[in-house]
Each structure stands twice: as C-alpha cells, then as structure tokens.
1. Residues in segment 59-81: is at least one within 14 Å of Ala49 (Cβ to Cβ), assigned to a loop (DSSP other than H, G, I, E, B) and open to solvent by 10 Å² or more (accessible area, probe 1.4 Å)?
2. Conditions: (1) open to solvent by 50 Å² or more (accessible area, probe 1.4 Å); (2) basic (Lys, Arg); (3) in contact with a helix residue (DSSP H, G or I) (Cβ under 9 Å, 6 or more places away or on another chain). Arg136 meets all but one. Number of the miss?
3. Output the residues belonging to segment 28-58 that are assigned to a helix (DSSP H, G or I) and either of a type in the set (Phe, Trp, Tyr) or out of contact with any Ser or Thr (no Cβ under 9 Å at 6 or more places or on another chain) (or both).
4. Would you confirm, using the coordinates I've provided, whether Ala163 is under 16 Å from the mean Cα position of the chain (by Cα), surrounded by 15 or more Cβ atoms within 10 Å (Cβ to Cβ) and in a helix (DSSP H, G or I)?
5. Being within 20 Å of Pro9 (Cβ to Cβ), in contact with an Asp or Glu (Cβ under 8 Å, 6 or more places away or on another chain) and of a type in the set (Gly, Ala, Ser), is that true of even one residue in segment 48-63?
6. Does Val64 satisfy being in contact with a Ser or Thr (Cβ under 9 Å, 6 or more places away or on another chain) and not hydroxyl-bearing (Ser, Thr, Tyr)?
7. Go through segment 1-58 residue by residue and tally those that are open to solvent by 30 Å² or more (accessible area, probe 1.4 Å) and among the acidic types (Asp, Glu).
8. Out of curiosity, is Ile84 in contact (Cβ under 8 Å) with a residue 40 or more places away in the chain and either more than 18 Å from Val5 (Cβ to Cβ) or outside any helix (DSSP H, G or I) (or both)?
Amino acid sequence: MTSPVSLSPAQAAARLTEFTVIDVRAPGEYASGHVPGALNIPLDRLSEAVPALKSASARGALLVVCASGVRSTRACDILSAADIDAATLSGGTSAWEGEGRDLDRPAGSRGGWALERQVRLAAGSLVVAGLLAGVRYPAARWLSAGIGCGLVYSAVTGRCGIAAALSRLPHNRDPRAATNLNATLDALQG
C-alpha cells in the first residue's frame, strides 16, 4: 500500500473542479464548515460507501478531506486497499481556512467545535478530575494515568477512542445524516 498523494490547500484549490471532494468528518463537524462542493461520508461509514466511491473514481479524481489530515489519510488508506485512488488535503479544512479560503456552511447550521478540540477538552477534564479526586481517593489518579496512556496510544496508532466516542454524541450527528448519506451515495453512483 502506498502513501496517498497529499495536496496543499493551494494545489487543491487550483484543481478543485477536477475533484469529487469527500469530507470524512462527523456530520456536525461537516455542517460547521466544509470545502466548497464537498460531500459528507463520515469515516465510520466509509466502508459502506466503497462501491459508490469506486464508481465516482472511475469518472474522476477523489480528494478526501477532514479537519487536520489525519482521518483523510486513514480514509485514503482504506480506499487504496479497495483499489481506489484518492488524494488527501494536507492540513485539512483547518489549513484550507487558514489560507483564507472560504468554507461552505449549510443554511441554519451552527458552528460547532472541531472533534480535536472536543477531545482536548474531554481528555484534559478527565485528567484534572482524576487528579482532584485523587486527593481524597488515591486510586482515582489511575483515571489520569489511563487517559494519558490512551493519548499516547492515539498518537502512536492514529486511532483515538475518545474521538470515536465523541463523534457518536448527538451534537456531532446531524439527524438527517442517514438520509444525506443515502443521497450522497446515490449521487456518487450516477
């Protein structure tokens, strides 16, 4: 398996009309702002989208996007294993917006926190809670140690249990996401 081609925001913007852009973030993140024209297929639903993505890739190039480039690289690896070529946007939507490029925001959407920011809040809060509770109950410090070990594991493997859990919370899910995913898959097939 080869590493996916990584495009800078400037390179991707110059060729944006050539790509079918796939945003693999959670629906709530996608709704808070995405690369213009991007279709949302959350990473945890990517396997069911493989046939539609294979069809779309036969018609043109795919560009996979997330917030920072980590999930889109993982998605490109999954697609590569299914014999689908795709490029990733280096730095994700954060880099895209950081270079002054516009993000599409659906009407009526509310700006939510990026999943990485939610992970930092949850992990930091749990570490502090473990330390504070450890003053009275020393065994509670193991909570802080467990979160620290989980963060190390996340850094080494690129998989984060806290992010996986947070992505399933209602504020990170669009109630119309299942319908939207079906419509997206139908559009990719056609």
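The values are calculated or read from the model by the stated rules, or taken from the named source; none is laboratory data. Keep in mind it's a predicted model, so treat the numbers as computed, not measured. Here the Cβ is made from the backbone with ideal geometry for all residues, glycine too, and neighbour counts use every protein chain on show. In case anyone asks, the SASA skips ligands and DNA or RNA and just uses the protein heavy atoms, side chains included. Shrake-Rupley method; radii C 1.70, N 1.55, O 1.52, S 1.80 Å.
1. Scanning segment 59-81, I find no residue that is within 14 Å of Ala49 (Cβ to Cβ), assigned to a loop (DSSP other than H, G, I, E, B) and open to solvent by 10 Å² or more (accessible area, probe 1.4 Å), so the answer is no.
2. Condition not satisfied by Arg136: (3).
3. Tyr30, Arg45, Leu46, Ser47, Glu48, Val50, Pro51, Lys54, Ser55, Ala58
4. Taking the combined requirement at face value, the residue satisfies it.
5. Yes, because at least one residue in segment 48-63 is within 20 Å of Pro9 (Cβ to Cβ), in contact with an Asp or Glu (Cβ under 8 Å, 6 or more places away or on another chain) and of a type in the set (Gly, Ala, Ser).
6. For Val64, the condition - in contact with a Ser or Thr (Cβ under 9 Å, 6 or more places away or on another chain) and not hydroxyl-bearing (Ser, Thr, Tyr) - is met.
7. 3
8. So Ile84 does not fit the description; no.
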